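The values are calculated or read from the model by the stated rules, or taken from the named source; none is laboratory data. These figures come from a predicted structure and were not determined experimentally. Neighbour counts run over all protein chains shown; Cβ positions are idealised from the backbone, glycine included. What goes into the accessible areas is simple: the full protein's heavy atoms, side chains included, and nothing from ligands, DNA or RNA. Shrake-Rupley method; radii C 1.70, N 1.55, O 1.52, S 1.80 Å.
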Amino acid sequence: DTVTENERIRDELWGVVYGIWDHIKNSGAFDADSLTLDWVGAIPGKREYRRFVGDHTLTQQDLLSQRTFPDTVAFGGWSIDLHPVEGVYAETAGAQQRYTDGTYDIPFRSLYSADVANLLFAGRNISASHVAFGSTRVMATCATQGQAAGTAAHLAARHGFTPRELGTDHVAMLQQTLLREDAPLIGVRAHDGADLAQRARISASSELVRLDTTPWATADTFALDRDAALVVPVDPVLGSVAFRTVADHDTD
Ligand SMILES: Cc1cc2nc3c(=O)[nH]c(=O)nc-3n(C[C@H](O)[C@H](O)[C@H](O)COP(=O)(O)OP(=O)(O)OC[C@H]3O[C@@H](n4cnc5c(N)ncnc54)[C@H](O)[C@@H]3O)c2cc1C
C-alpha cells in the first residue's frame with residue numbers, strides 16, 4: 001500500500017537495489033570490482049496514488065476513441081502505459097502500451113470533485129480510471145491540467161462560482177481564458193476580439209518548397225528509410241496534395 005507503507009516499500013526497494021549491486025560488484029561476472037555505487041534515491045516514486053472522483057471519470061475508451069468533450073480544458077498524447085503492480089517482482093513485461101491515434105481531450109469535469117464543492121484536481125489525482133491514468137499521469141500532460149485547474153481556481157474565486165458552476169454555466173469563459181494564456185486547447189477556437197494575433201498577417205522570409213532540401217535527404221529524392229511525418233495546413237483551403245514516389249522494386 002503506497003499510502004500507508006511508504007517506508008516499508010523504501011526498505012524493500014533498497015534491499016532489491018543493494019542486492020543487485022552486490023551481485024554486479026562482487027560476483028566477478030561484470031568486471032565491476034573497482035566500481036562504486038554513487039547514489040540511491042531515498043523516497044519511493046509513486047507512479048500511481050490516490051485518485052479522486054469527479055463529475056466525469058476519464059476512461060480508456062475516451063482516450064482510444066479520441067472523444068471530443070465540450071468542456072475540454074487540457075489534453076494528452078502519451079500512450080496508455082501500464083506497469084505491473086508487482087513492480088520489480090513481476091514476471092510479465094515491465095510495461096504494456098496502447099496507443100491513441102493522436103491527442104485526446106481532458107474535460108474540466110475530471111478536474112473537480114463530484115461531492116466536495118470547492119475541490120479541484122490536477123496531475124496525479126484527477127478523476128480517471130486506472131487505465132486512462134496510465135496516459136494522463138505523464139508530466140507534460142499533468143502540466144496542462146495544472147494550468148486548467150489553476151486558471152479555474154482563479155475564475156471561481158473571482159466570480160464566486162463553484163468549479164461545477166464554472167464548468168457547467170461558464171465553460172467558455174474558462175476555455176477562452178486558457179487560450180488567451182497560451183494553453184493549446186485542441187479544436188477550441190479563440191474568440192477574443194482584443195487578441196491582436198487574430199488580425200495578424202503572417203509572412204516568412206523563405207519557404208520550404210522541396211523535401212529534398214532537408215538535411216537528411218539526398219539528391220532529388222527523400223529516402224523513406226525512416227519514419228517521416230509531414231504536416232500540411234489544410235485550413236482554410238487546400239486543393240490537393242500529390243506525392244510522387246519512386247520504388248526500386250515492387251512494394252506496398
Ligand atoms: C518511477 C516513476 C517514473 C516516471 N517516469 C515518468 C516519465 O518518464 N515521464 C513523465 O512524464 N512522467 C513520469 N512519471 C510520472 C510523473 O512523474 C508523475 O505522474 C507526476 O510528476 C505527478 O505530478 P503531480 O504534480 O501530480 O504530483 P507530484 O509530483 O507527486 O507532486 C505532489 C507534491 O505535493 C507535495 N505534497 C504532498 N503532500 C503535501 C502536503 N500535505 N503539503 C504540502 N505538499 C505536499 C509532495 O511532496 C509533492 O512535491 C513517473 C513517475 C514515477 C513514480
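Could you identify the single residue in 189, 124, 164 that is free of Cβ contacts under 8 Å to residues at least 60 places away in the same chain and of a type in the set (Lys, Arg)?
189
Residue by residue, here is whether (1) of a type in the set (Lys, Arg); (2) modelled with pLDDT under 95; (3) touching a strand residue (DSSP E or B) at 6+ places or on another chain (Cβ under 8 Å) holds:
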{"position": "85", "(1), (2), (3)": "no, yes, no"}
{"position": "92", "(1), (2), (3)": "no, yes, no"}
{"position": "99", "(1), (2), (3)": "no, yes, yes"}
{"position": "106", "(1), (2), (3)": "no, no, yes"}
{"position": "115", "(1), (2), (3)": "no, no, no"}
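Taken over segment 73-106, the criterion of being within 27 Å of residue 184 (Cβ to Cβ) and among the charged types (D, E, K, R) is satisfied by 81, 98, 101, 105.
Of all the criteria given as (1) in a loop (DSSP other than H, G, I, E, B); (2) among the aliphatic types (A, V, I, L, M); (3) in contact (Cβ under 8 Å) with a residue 12 or more places away in the chain, the one not satisfied by residue 116 is (3). Among the residues making up segment 47-78, those that are within 16 Å of the ligand (Cβ to nearest atom), among the hydrophobic types (A, V, I, L, M, F, W, C) and open to solvent by 80 Å² or more (accessible area, probe 1.4 Å) are 52, 78.
Inside segment 128-155, residues that are near the ligand (Cβ under 10 Å from one of its atoms) and in contact with a strand residue (DSSP E or B) (Cβ under 6 Å, 6 or more places away or on another chain) make up a count of 3. Note on segment 48-60: residues that are under 24 Å from residue 101 (Cα atoms) and within 16 Å of the chain's Cα centre (by Cα) amount to 3. Picking from residues in segment 88-127 that are within 30 Å of residue 11 (Cα to Cα) and open to solvent by less than 40 Å² (accessible area, probe 1.4 Å), the one that is farthest from the ligand (Cβ to nearest atom) is 90. Of the residues examined, residue 24 is not one that is out of contact with any helix residue (DSSP H, G or I) (no Cβ under 6 Å at 6 or more places or on another chain) and within 16 Å of the ligand (Cβ to nearest atom). Within segment 138-169, the set of residues being crowded, with 18+ Cβ neighbours inside 10 Å and not in a helix (DSSP H, G or I) comprises 161 only. Taking segment 1-39 as the range and being surrounded by 11 or more Cβ atoms within 10 Å (Cβ to Cβ), among the hydrophobic types (A, V, I, L, M, F, W, C) and without any contact (Cβ under 8 Å) to a residue 40 or more places away in the chain as the test, the residues that pass are 9, 14, 17, 20, 21, 24, 30, 32, 35, 37.
Which residue out of 95, 128 is of a type outside the set (Val, Ile, Thr) and in contact with a helix residue (DSSP H, G or I) (Cβ under 6 Å, 6 or more places away or on another chain)?
Criteria check complete, one pass: 128.
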